[in-house]
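Q: I'd like to ask you about the structure that follows.
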Amino acid sequence: AANAIRSLAEVLNRREYEYKEIIRIMAQAGATMARTGALHSEELQQAAGKVEQIARLDSVQDARRELDAHVHELRTIAERAVQQGEDHARSLNRELEQARAKLEHAAALAETDALTGMPNRRAAENAVEAAIADNRVLTVLMLDLNGFKQVNDTYGHAQGDSLLRSVAHHVRRCLREADLVCRWGGDEFLVLLYDTPLDVAH
């Protein structure tokens, strides 16, 4: 029980860390957009000032020459801003994708029994709720290993763990691909037979 509590605490801590990581990335995304705008705001203000100066020129030829140079400068500023924005966007997308993958991994760990590698009680409860919501016919089998405590007391917990893994493996082999076997806890396993009425389950 102590190990199970520690495992659950570790999963919750990992998930809390992942959520904080996504919040950090989102905050960084906002800061990056603001920073990108700030980086070029001064340049754009200077460009606006140059336009005002060009407007004061008396010579149309001088104004045309200055405008031509200024258009080229503005194009350079715009291209640089776009490139920086794309670079930041790619970097943030990579971080968000990594954070999403970590969250999916943490969610999978939260529904996996560490000893047998099978879905755990939480996964079983979620699967039953989903089947009920979808109005699927579902038969639930409860398997309890009689005398399991005696195995632990006689041969030790390592042999008991090995027995649990072996039972889980063999039960899984007896089922259809669509069915689900979960470790309910201790020496108990839960089997979910989808689209299976009771007589077929028997």
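Q: May I ask you to give the percent of accessible area on the stretch 147-202 that is carbon plus sulfur, with a probe radius of 1.4 Å?
A: Carbon with sulfur: 53 percent of the solvent-accessible area.
Q: With +1 on the Cβ of every Lys and Arg and -1 on the Cβ of every Asp and Glu, and nothing else charged, how large is the dipole of the stretch 100-202 about its Cα centre, in debye rounded to the nearest 20?
A: I would put it at about 300 debye.
Q: Rounded to the nearest Å, what's the spacing between the alpha carbon centres of the stretch 93-145 and the stretch 151-189? Just the number, please.
A: 17
Q: If you don't mind, another one. Trypsin sites (Lys or Arg not before Pro) within the stretch 106-202: which are DSSP loop residues with at most 10 other Cβ atoms inside 10 Å?
A: Qualifying residues, ordered by number: ARG176.
Q: Evaluate the distance, in nm, between pseudo-label points positioned 7 Å from the Cα of HIS202 and of ARG173 along their respective Cα→Cβ axes.
A: Between HIS202 and ARG173, the label points sit 2.8 nm apart.
Q: Go through PHE148, GLY185, ALA158 and say which Cα lies farthest out towards the positive end of the charge dipole of the stretch 111-202; charges sit on Cβ, +1 for Lys and Arg, -1 for Asp and Glu.
A: Selected residue: ALA158.
The values are calculated or read from the model by the stated rules, or taken from the named source; none is laboratory data. Remember, it's a predicted structure, so these values are computed and weren't measured experimentally. Cβ sites come from the backbone with ideal geometry, for glycine too, and all protein chains shown count toward neighbours. The accessibility values were calculated without ligands, DNA or RNA, using every heavy atom of the protein model including side chains. Shrake-Rupley method; radii C 1.70, N 1.55, O 1.52, S 1.80 Å.
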